[in-house]
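Scroll down for the structure; my scribbles are underneath it.
Where a number appears in this text, it was derived from the coordinates with a stated rule and is not lab data. All of these numbers come straight from a predicted model, not from anything done at the bench. All Cβ positions, even for glycine, are placed from backbone atoms using ideal geometry, and neighbour counts span all protein chains on display.
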Amino acid sequence: MTTTAHALRAERIKFATLPSQWTAPLVALVLNTGITAAVGLAYASDTTPGEDPANTVYYGLNFGHVAVACLGILLIGQEFNTRMIDVSLTAVPRRRHLYLAKLTLGAALGLLLGLASTTLSFLAVATTTGLDLTTPGLARSFLAGVLYHPLLVVLCLGLTSALGNFTAALGLLTPTLFLGTTWLTAIPGIREAAQFLPDRAGQYALRTQAEPGIHYSHCTGLLIMLLWTTTAAYAGLRALRRRETSAHR
């Protein structure tokens, strides 16, 4: 078994035995699907023409994506908080293997969460509002909804590793995702730049209709989020390597 496989096995065990970690995706699933189902039921008789069906399908994600972000933060940030990261770094000779194991676990958990919550959200809205699942753009929106979750988990994991501080990551990322970027898109002059932020671009990829003022396509929105995620993951690796250097001085 390779070093990465050993590290991945250890990460799976840690995830399964730490309630603070495995409860995060459960909370995200409940928020994503529960709120969406409630909104779909409340507006079941609303037949407003031209309304983007994705607004209802992903309504719960406006709240649930904070729990998704917390999953990424917890996967590595909790070790910074308890200083167990030094034990993990000692146990794994090459730090990139430990980091790759965490990224792999985060991406896999995010993918499973995305598949479950997106499927259940679509079914909930289809049941309550009679949503036609063959509506143009919904298949792409479904795929984007599934992929949004692992991208967000890895993004937050990478940023937490780059910061090297659990409290800073939690205090910075969660309010920014919940309110910060939404406010920025409402400020004239800043909206033009704010639309390229990772969560804004990723959530635009979920839509089925074009939005005035957005200067890229839905598919490009997902690529923008992928670019942010890749950059954050690389920054996290560099920071972890620097931590290794300081630990051995």
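Note down the net charge around Ile214, summing +1 for each Lys or Arg and -1 for each Asp or Glu among other residues with Cβ under 12 Å from its Cβ. Once all neighbours under 12 Å are counted, the net charge is +1. Annotation: amide H-H contacts under 5 Å for Phe196 (H modelled 1.01 Å from N, sequence separation of 5 or more, or interchain): none. The distance linking segment 121-167 with segment 66-110 is 21 Å (Cα centroid to Cα centroid, whole angstrom). Angle check, please: helix 61-82 long axis (alpha carbons) against the longest principal axis of the chain (alpha carbons), in degrees 0 to 90, nearest 10. Once rounded, one gets 0 degrees.
Computed from backbone phi, the HN-Hα couplings of segment 193-210 come to 7, 5, 5, 9, 5, x, 6, 5, 5, x, 6, 5, 5, 6, 6, 9, 10, 6 Hz, rounded to whole numbers (Karplus: 6.51 cos²θ - 1.76 cosθ + 1.60, θ = phi - 60°; Gly and Pro given as x). Gly158 sits among other residues whose Cβ lies under 12 Å from its own Cβ, and their net charge, with Lys and Arg +1 and Asp and Glu -1, is +2. Is the shape of segment 99-218 rounded, prolate or oblate, going by the alpha carbon gyration tensor and its root eigenvalues a ≥ b ≥ c, with a/c under 1.5 for rounded and a/b larger than b/c for prolate? In terms of gyration-tensor shape, oblate. Compute the angle between helix 138-163 and the longest alpha-carbon principal axis of the chain, please, reported from 0 to 90 degrees and rounded to the nearest 10. With rounding to tens, the tilt is 30 degrees. Give the angle, between 0 and 90 degrees and rounded to the nearest 10, that separates the Cα long axis of helix 218-247 from the longest principal axis of the Cα atoms of the chain. It is inclined by approximately 20 degrees.
If each DSSP helix of 4+ residues adds -39,500 (n - 2.57) and the sum is divided by the residues in the chain, what number results at 222 nm, nearest 500 deg cm²/dmol? Value at 222 nm, helices only: -25000 deg cm²/dmol.
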